[in-house]
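The values are calculated or read from the model by the stated rules, or taken from the named source; none is laboratory data. Just so we're clear, the structure is a prediction, and the values are computed from it rather than from any experiment. Cβ placement follows ideal geometry from the backbone for every residue including glycine, while neighbour counts extend to all protein chains displayed. For the accessible areas, the whole protein counts, side chains as well, though only heavy atoms, and no ligand, DNA or RNA atoms are used. Shrake-Rupley method; radii C 1.70, N 1.55, O 1.52, S 1.80 Å.
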Amino acid sequence: MTQERKKIPAEAVELYSRFIHGEVDRRDFLDGLKRYAVGGLSVGAMVEALMPNYALGQQVRKDDERIKASYETVPSPNGNGYIRGYFVRPFSQDTRTETSAKLPGVIVIHENRGLNPHTEDVARRFALENFMAFAPDTLSSVGGYPGDDYKGGQLFAKVDAGKRTQDLVAAAQWLRTRPDSNGKIAATGFCFGGSMANQLAVLLGADLAAAAPFYGSAPQPADVAKIKAAILIHHGALDKNLSDAYPAQEAELKKNNIKYEGHLYPNSVHGFFNDATPERYNKATAQQAWTRTIEWFNQYTRANGA
């Protein structure tokens, strides 16, 4: 399987990216892969290599003794239902209890498929870095993540964009105002989630201390002045639509005196952080981006920067 994955053409990986963004449907995705079924590489082998393998991408077990996790619900604004999410805190091995310290929080926002196992795993990784993390599911109003990314994408398209945004704002404020919070929160996310991390920076103003969007689209230039958070931007250099747009985003951040850093990671495509999709994952740059994110959040959400 490793040899087959190495043979997946870059064009097939790009086709997968277009598929998960809804630019082509499932039939066109599968038909398109037939063009690259050469040299003993079958369509089935390419699908297996391109589609998520959540067991492969698990870094922290759900029952890891170093964390305590639960599913929590947050009321939507204006009585418009609720948003459900995965909440994780570190668990003290010395006292066998949840840590009593008030911790900074991190909102972890999924891709346009709903709260899948990869996003939950990222939330657990933050707990191991001594944050409390909340990963909301914007599909809550349509039954939640259905256990399948393709079906999740179909449900995602049915949820009103305004409701998704309002629910994420409510989730962030719920995390920030918890009694076990130190009052400072950060936001991160991937693709759609990266775009929403940027939007939360606009909408929350001083209530958001930091954001680290992964391959997310920039906010509107007119909105950048509303940002008070410190912004850490991650793009794959081969993710041309976003990497080509980055200089304009950087210019707006500079013009408005926003604290920021931006990184274009070499040999990295859209989704390079997602270790559940091996054909997109770049281990070296994903680790570099993660280390930078933890350092950034520590710097801006803790009084002593540690």
Cross-chain or 6+ apart pairs with Cβ under 7 Å, the range 105-134 first and charged (D, E, K, R), then part of a loop (DSSP other than H, G, I, E, B) and crowded, with 24+ Cβ neighbours inside 10 Å
E111/C191
Scan L15, L56, L30 and give me the residue that is part of a helix (DSSP H, G or I), of a type outside the set (D, E, K, R), open to solvent by 60 Å² or more (accessible area, probe 1.4 Å) and touching a residue at least 12 places away in the same chain (Cβ under 8 Å).
L30
Can you name every residue in the range 37-68 that is in contact with a helix residue (DSSP H, G or I) (Cβ under 7 Å, 6 or more places away or on another chain) and farther than 20 Å from H270 by Cα?
A37, L41, V43, A45, Q59, V60, D64, R66, I67
Given the conditions (1) more than 30 Å from L33 (Cβ to Cβ); (2) not in a helix (DSSP H, G or I), report the number of the one that P146 does not fulfil.
(1)
So, restricting to strands (runs of 3 or more DSSP E) that lie completely within the range 173-274, which ones have at least 1 residues that are at positive phi?
181-190
Subset of the range 72-89 (residues that are open to solvent by less than 90 Å² (accessible area, probe 1.4 Å) and either at pLDDT below 95 or of a type in the set (S, T, Y) (or both))
T73, S76, P77, G79, N80, G81, Y86
Condition first: at pLDDT below 85, open to solvent by less than 70 Å² (accessible area, probe 1.4 Å), within 23 Å of G236 (Cβ to Cβ) and assigned to a helix (DSSP H, G or I). Now tell me which residues in the range 33-53 satisfy that.
Y36, M46, V47, A49, L50
Hits in the range 143-154 (condition: modelled with pLDDT of 95 or more and surrounded by 21 or more Cβ atoms within 10 Å (Cβ to Cβ)):
Y145
Residues (over 16 Å from C191 (Cβ atoms), surrounded by 16 or more Cβ atoms within 10 Å (Cβ to Cβ) and in contact with a Lys or Arg (Cβ under 9 Å, 6 or more places away or on another chain)) located in the range 229-271
A229, A230, I231, L232, L253, I258, Y260, H263
A careful count of residues in the range 272-296 that are of a type in the set (D, E) and exposed (fewer than 15 other Cβ atoms within 10 Å of the Cβ) gives 1
List the number of the failed condition for Y215; all other conditions in (1) touching a residue at least 24 places away in the same chain (Cβ under 8 Å); (2) within 20 Å of Q299 (Cβ to Cβ) hold.
(2)
How many residues of the range 123-142 are open to solvent by less than 10 Å² (accessible area, probe 1.4 Å) and either closer than 21 Å to L155 by Cα or touching a helix residue (DSSP H, G or I) at 6+ places or on another chain (Cβ under 9 Å) (or both)? The answer is 9
Could you check N198 against (1) buried (at least 17 other Cβ atoms within 10 Å of the Cβ); (2) out of contact with any Ser or Thr (no Cβ under 6 Å at 6 or more places or on another chain); (3) under 20 Å from N130 (Cα atoms) and say which number it fails?
(3)
